Every structure is written in structure tokens, then in C-alpha cells.
Amino acid sequence: MIPFTGLKPHLRLPAGILLSVLLLAGVAAAGLIGMSKVQRRLEAVTRIHNAESRQAREMHSASFEMSRLIRDLVLVTDGAAMNRLHASFEVARANYQQHESTLASMFANPTSPASNEERELFDQIRALRELAQAPMNQVVALGLKNDNVEATRVLMEDTQPRIASWMRALGELVDLEDQINDESTAEAASAYATARMMIFGLGGLALVLGAGLAWWVARAGAAVPQVDGSGHPGSP
């Protein structure tokens, strides 16, 4: 109140109202800034990280399905059963490629918050998938020819180890995306708590200062001399 002690009594009320309005505007601005931070973090969780995690999980699931089907293919001898397994294998492969392309587009987006660790792991997954692709095709071709002995040998000696490395990297990507989701969710909760404390703190300060302003303005009004009918100051 000290900066306003030199104000004339009739100016103190407008000054007090102006200061109250500024305090309320400060509370509102702090609340909007805090909530915008919460919104950005929640948007990152729901729109970006959840979507990336979903694509990584679908890729892992499709690779597991491909691995299962290729093992079954070398065990059967019935032509109709082999054709059904082969068709299911191609569906799983197409499904994998679709989700891999979607995740690649997400990571390639200039506005993507994807980390270097995510991008490097994704590139590693693509390279491991390429390494597993040719032996998988060889096992499928041998299986369809009913050459189960050679198909089993190629599967066990060459294909399966490459599939295992590929799926292990996919599992690491899923775990990384889950970790990023958890961290983003925790950051959003922290930002919300901070914003709430700031709003309550500034709101309480505004109430205290508002009460002080009311007392100050009332005191200033009581100090104004009363004027009687003759135009001379009278008793207050």
C-alpha cells in the first residue's frame, strides 16, 4: 500500500479496483499457463506416444505370428493345410509391413518428439527384419515343396536365430515406448499439481491483498472531510 499513500482520497478507490483486477488477471494467467502445459503433455501421451506404442506392439505381435506359422509350415505334409498356413503367413507379413510403415511415417514427421534412441532402435529393427526375410522365404519355399527335412534345417540353423534377434529388438522398442508413456504421464501429473498449487497460492494471495485493499479504501474514505451545507468542512 505504501506506493499509493500519496494518492488523493478520491483516486484511491479506482487504484484499489485496478490493482484487484490485475491480481485476478495474474491468477487467471497462471492457471491458463499451467493448464496449457498439462494439455501439451497429455496430448503427447494420447496422440503421439500411445499411437507409437500401439504400432510397436502390433509389429511385435505380427512377427510372433509369422514365427509361429513358419514353424507349423515345416511340420505339416497335407497340401491344403500348407496352403492355409502359407496364406496366414502372408497376411501376418502384410500386417507387419503396414504397421512398420505407419511407425516409420510417425518417426519421420519433423514435429515428432521421438528420441534418437527410438529412431536408432527402429532402424535396427528394420535391418534385422531384412536379415530374417530371405531365410524365412527359403523355409516357406522348402515347406511348400514338402521338403521338411531341409526346411527344418534352414529354420533351426539360420532362420530362427535371426527371427529371435529381430523379435528381441521389437520387445525392446515396446518396453521403451511404455517407459516414455509412463514418464510423460508422470510429467503431466506433476504439471497439473504445480498449476493447482500456483492457482491456490495466487488465489489466496489475491484474497489477502483484496481484503487489505478494501480496508485501505475504507480508511481513505473515512479520512475524507465532510462538508456541511455552507460549504465548510464539518465533523466526519
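The values are calculated or read from the model by the stated rules, or taken from the named source; none is laboratory data. Computed from a predicted structure; not experimentally measured. Note that we place each Cβ from the backbone using ideal geometry, even for glycine, and neighbour counts take in every protein chain shown. Note: accessible area is taken over every heavy atom of the protein model, side chains too, but ligands, DNA and RNA are not part of it. Shrake-Rupley method; radii C 1.70, N 1.55, O 1.52, S 1.80 Å.
A quick yes/no check of all residues on (1) at pLDDT 80 or above; (2) among the charged types (D, E, K, R):
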| position | (1), (2) |
| --- | --- |
| M167 | yes, no |
| D175 | yes, yes |
| D178 | yes, yes |
| Y192 | no, no |
| G210 | no, no |
| A214 | no, no |
| R219 | no, yes |
| P225 | no, no |
Out of (1) touching a helix residue (DSSP H, G or I) at 6+ places or on another chain (Cβ under 7 Å); (2) at pLDDT 75 or above, the one L202 does not meet is (2)
Selection status of A62, open to solvent by 60 Å² or more (accessible area, probe 1.4 Å), of a type in the set (A, V, I, L, M) and under 30 Å from E183 (Cβ atoms)
no
Of the candidates R41, R47, the one satisfying the condition of being in contact with a Ser or Thr (Cβ under 7 Å, 6 or more places away or on another chain) and either modelled with pLDDT under 70 or aromatic (F, W, Y) (or both) is R41
Heads up, the helices (runs of 4 or more DSSP H) in the stretch 59-168 (entirely inside) with at least 3 residues that are of a type outside the set (G, A, S) and under 30 Å from H49 (Cα atoms) are 79-108, 116-144
